[in-house]
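The values are calculated or read from the model by the stated rules, or taken from the named source; none is laboratory data. As the structure is a computational prediction, the values presented were derived from the model and not from experiment. Don't worry about glycine lacking a Cβ; one is built from the backbone with ideal geometry, like all the others, and counts go over all protein chains shown. Quick note on the areas: whole protein, heavy atoms, side chains included, nothing else; ligands and nucleic acids left out. Shrake-Rupley method; radii C 1.70, N 1.55, O 1.52, S 1.80 Å.
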Amino acid sequence: MRLEHFGLTGGPKRTLVILGAGASRGASFVSSKVGVLPPLDLDFFQQISRFDGCEEAERLISFVREEYPHELRLSMEQFFSEVDYTHRFHDELKVDRGPKVKRYVRALSDFHVVVARALAQAITGPCDYH
């Protein structure tokens, strides 16, 4: 990279802005009146509990309550890592999939659907800030 890219030679200056995964939470289209906020890692399950009539979200919340009863703030990352690992373990080693493992596969499928729906519901238009 040449020095003028850093503005060190008196040449053109350029700015690079890096937005993190939570940047949409502060977007101009987000208001307190919105039912579902753009989800963050630690409040994803709280946000999807606000969905109305979403069968996948209801099943996913029920699964989380049953499988993680003592986990007060289950993160998306923790959930996905554990459920995906369980699925891969049984799939790759050809271990018998009992009813409990099949529930994990269903939860993983529901998770994929619900993530897409959460983003679609929470991100309602262009942002004036970004």
For this session: Could you tell me whether any residue of region 93-112 is touching a Ser or Thr at 6+ places or on another chain (Cβ under 6 Å) and at pLDDT 85 or above?
Result: yes
Exercise. What number of residues within region 96-111 satisfy the criterion of being surrounded by 11 or more Cβ atoms within 10 Å (Cβ to Cβ) and either at positive phi or not hydroxyl-bearing (Ser, Thr, Tyr) (or both)?
Worked result: 10
Exercise. Looking only at region 32-48, which residues are of a type in the set (A, V, I, L, M) and not in a loop (DSSP other than H, G, I, E, B)?
Worked result: Ile48
Exercise. Under the condition of being touching a residue at least 60 places away in the same chain (Cβ under 8 Å) and not aliphatic (A, V, I, L, M), which residue from region 54-73 is most open to solvent (accessible area, probe 1.4 Å)?
Worked result: Glu56
